[in-house]
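The next block holds one structure in the form of structure tokens; read it before the comments.
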Amino acid sequence: MFRTPIYRGGLIAALLSAMVLTGCAAPKHAGPTAPDARVYAAAAEINASPEPSAREVSDEEAVARITAIYNQLKPAALDVCRHIGEDDCNWELTYSPEEEINAYASDSSTIVIYKGIVQYARNDAEIAMVIAHEMSHHIANHIRESQNSQAAGALIGGLAMAILLGATDTYYPDGVQVGVMVGAMAGVLTYSRKQEMEADYIAAYIISKSGFDLEDGRGILVKLGRISGGTTSTVLDTHPAGPERVAAWDLAAEEIRSGSPMPQKR
Ligand SMILES: [Zn+2]
């Protein structure tokens with residue numbers, strides 16, 4: 001019992017240093033934050049939008065369209081990537097024939113676009129937005145950041161649980177283990193939400209510089225919001241709620257139209 005205060009002091013110091021570590025991995029090119037009124041207006045727009053529907057598309061057509069749009073995006077994506085300077089700017093495009101409105105970025109350069117994106121998109125700008133968004137996860141170095149964030153989250157979770165229990169892992173080995181797991185999940189999920197917003201922001205620049213219409217590209221965010229059905233966002237949400245993304249997209253579009261040449265650091 002008498003050792004507890006000393007132990008806690010050490011835990012708190014370690015907890016604070018873990019928080020500093022997380023702070024270092026915060027997105028550098030996060031877009032402007034949308035005020036509540038804009039988010040509410042976007043929520044109303046999403047709720048009033050028609051239910052998205054999928055068209056019949058062959059794999060050949062989907063691959064041809066995705067490839068052509070990817071090639072159109074590449075020169076501007078390279079410019080933006082070099083400007084940001086955090087990635088080696090090589091991307092490998094992969095097509096998935098699954099009929100699901102989905103896409104992801106993984107490994108050092110992989111971008112996977114599902115057939116469902118082409119099925120639900122109503123114009124090339126919507127597909128371009130999704131491809132540019134995944135490129136942006138690589139451009140902003142999100143995959144490596146996630147790994148760091150997960151480690152920091154695990155540390156914070158474990159330590160927070162140990163402090164909460166007021167004991168060392170000698171007495172509560174199970175409690176500490178649970179804390180580590182919860183922390184790891186919270187670290188990765190909350191961070192990913194910020195990364196999604198940053199990827200949208202960078203993508204707006206890429207598609208605009210590639211000649212796609214920002215207003216058209218915005219349509220895919222409205223559809224995603226409508227499909228997910230969520231009008232509110234929570235901390236533990238890997239995909240930020242639709243209204244927040246739509247409202248932030250509009251602010252990015254205003255920034256670009258006002259003459260901003262590249263994503264800005266904030
Ligand atoms: Zn994303």
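Applying the criterion of being in contact with a helix residue (DSSP H, G or I) (Cβ under 7 Å, 6 or more places away or on another chain) and within 11 Å of the ligand (Cβ to nearest atom) to the residues of region 133-142, the residue that is farthest from PRO263 (Cα to Cα) is HIS142. Just wondering, is there one or more residues in region 6-18 that are at pLDDT 90 or above and part of a helix (DSSP H, G or I)? No - not one qualifying residue is present in region 6-18. Out of (1) in a loop (DSSP other than H, G, I, E, B); (2) within 16 Å of the ligand (Cβ to nearest atom), what's the single condition that is false for ILE111? Unmet condition: (1). Within region 41-87, the residues that satisfy the criterion of being touching a Ser or Thr at 6+ places or on another chain (Cβ under 8 Å) and at pLDDT below 95 are ALA43, ILE46, ASN47. Criterion first (within 16 Å of the ligand (Cβ to nearest atom), modelled with pLDDT under 90, closer than 30 Å to GLY219 by Cβ and not aromatic (Phe, Trp, Tyr)) does GLU100 satisfy it? Spelling it out, GLU100 is indeed within 16 Å of the ligand (Cβ to nearest atom), modelled with pLDDT under 90, closer than 30 Å to GLY219 by Cβ and not aromatic (Phe, Trp, Tyr).
The values are calculated or read from the model by the stated rules, or taken from the named source; none is laboratory data. Keep in mind that this is a model prediction, so the values were computed, not measured. Because the Cβ atoms are built from the backbone with ideal geometry, glycine has one as well, and the counts that use them run over all protein chains shown.
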